[in-house]
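Right, one structure below, let's go through it.
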Amino acid sequence: MITVIRSSASSEERAQLMTLLCRVSGSQRPIATIRINEQEVIALDGSILDAQTRTTISQQRAVERIVSIKTPYKLVSRAFKAQDSTIVVGDALGAHPVVIGDSSPTIIAGPCAVENREQLLTTARAVQAAGAQILRGGAFKPRTSPYQFQGLGVEGLHLLEEARKETGLPVITEVMEPDLVETVSQYADILQIGSRNMQNFPLLRAAGQNSLGRPVMLKRGLAATIEEWLLAAEYIVAAGNPNVILCERGIRSFDTQTRNLLDLSCVPLLHELTHLPVIVDPSHATGRRELVPTMSRASIAAGADGLILEVHPDPNSALCDGRQSITPEQLQRVVRETSLIAQVLGGKAGLSYVA
Ligand code: PEP
Ligand code: MN
C-alpha cells in the first residue's frame, strides 16, 4: 500500500499520520517518506492491515489517497507509476549530462578495473571517440580470490575524476561497503552495486540514504529471481533514492561454455513490471569478447535502455576480465550498430510490452 501525502498537509497533520502508520505497521523506526513521481509518499505492506485500519488511514487530513499495490515491491512497480522513469546523470559533478531511460540507448563503457593513469585515460579517450556516453571503471573490485588484484581504491576514484574532467564523460564505479557510499558518491556520477551485493541490505539502505543524490545501478544477483531483484531495488527507493537503474548481467547456469547465461527475456518482462530503466551487461553475461557485439545488438533489439561494456586498450594484458573485454575498435562498431537498431525500432516507444 502506498500512502500519497497531500502537498499542503501541515507538520502536525503529517506527524499524526506518521504516528498512526508506525502503530498499525508495528514499525519501531520512524516511517520514511520519499519523493517519487513529483509526490511525497509512504510505502507499507498493506496486506497486514484490515479494512477498518485502511479507512482510518485514508481519512487522515495529511492523506491525499492510498494506492493498493498487489506485488511485494511497491514504489518500483509499474502499477504505482505508469510512465517510464528517466534518470539524469552527470549534472552534479560537472560532466556532460546524460539521460538514461529516454528513447535512445545509453552506452556505458570502460575497463573492468582502473589499473593506472595511462590505461584509464587512454580508454576514456577511446570511449568518448567511439560515441559512448558514460565511462565505467572499478576502483574497489569484488574479486572471487583474495589473491587477485583488488582495485586501486581511493586512488582509482581520483583517476576517474581526472578522466571525467578531461573527457566530460560521467563516471560509474562500484561501491561495496555501506561506510564507503558517501566517499564514492563524492567522485562518482552513478554508484554501481555489484551482483555479489545485490542483497546486502545495509549497503542498499546506505545507497538510498547517503548517495548525495547520485543514481544507483543495481546489478542482478548471481542467482536472483526477478522478484528478489525488484525487492532489492525497492530497498534503495524506500530508503530515499528513487533513481535506480537495473542491470541484467547474466545468471548462473549449468553450462560452462559461457561465464553466465544472459537472460534477455527479463528485459521486456521488467519493462512490464517496473518503471525503472533496464540496461544489459553482455560482458559479464557471456565472459567471451567474441560474443559481446552480437549480444549487444540483441539487447537493444529486446528494448534495453542501454549497455555497459568492458573495454580495454590491450585486453590480453588486463588485470581483470580481459577475456570478456572488447577493444576500442570493437566498441566503435557496437555503438554504431546499436544506434542503427534503435533507430529502426523507433526507440523504446516503438516497442510494445503488452500482450
Ligand atoms: C563489474 O561490473 O566489474 C562486476 C564486478 O560485475 P558483476 O557484479 O556483475 O559481477
Ligand atoms: Mn568485470
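Assorted remarks:
- Top positive-direction residue, dipole computed over the range 287-333 with Cβ charges, set Ser296, Pro315, Pro328: Ser296
- Dipole size of the chain about its Cα centre, with +1 on Lys/Arg Cβ and -1 on Asp/Glu Cβ: approximately 520 debye, rounded to the nearest 20.
- All lysines inside 27 Å of Lys70 as judged from Cα atoms, apart from same-chain residues fewer than 8 positions distant: Lys81, Lys219, Lys348
- Working note: Debye formula, equal point scatterers on the alpha-carbon atoms of the range 305-344, no solvent; log10 I(q)/I(0) at q = 0.15, 0.16, 0.32, 0.35 Å⁻¹ is -0.40, -0.44, -1.04, -1.14.
- Packing-based ranking, highest mean first, of 327-334, 302-309 given that Cβ atoms within 10 Å are counted: 302-309, 327-334
- Note on the chain: Rg/Rh from C-alpha atoms, Kirkwood Rh, equals 1.00.
- With Cα atoms, 0 to 90° folded angle of helix 226-238 axis to the chain main axis: 70 degrees
- Here is the tail figure for the range 230-327: Cα pairs spaced more than 22 Å apart come to 35 percent of all pairs.
Just so you know, all these numbers are worked out from the coordinates, no wet-lab data involved. This one's a predicted model, so the numbers in the text were calculated from it and none came from an experiment. Glycine gets a Cβ as well: all are built from the backbone with ideal geometry, and neighbour counts include every protein chain shown.
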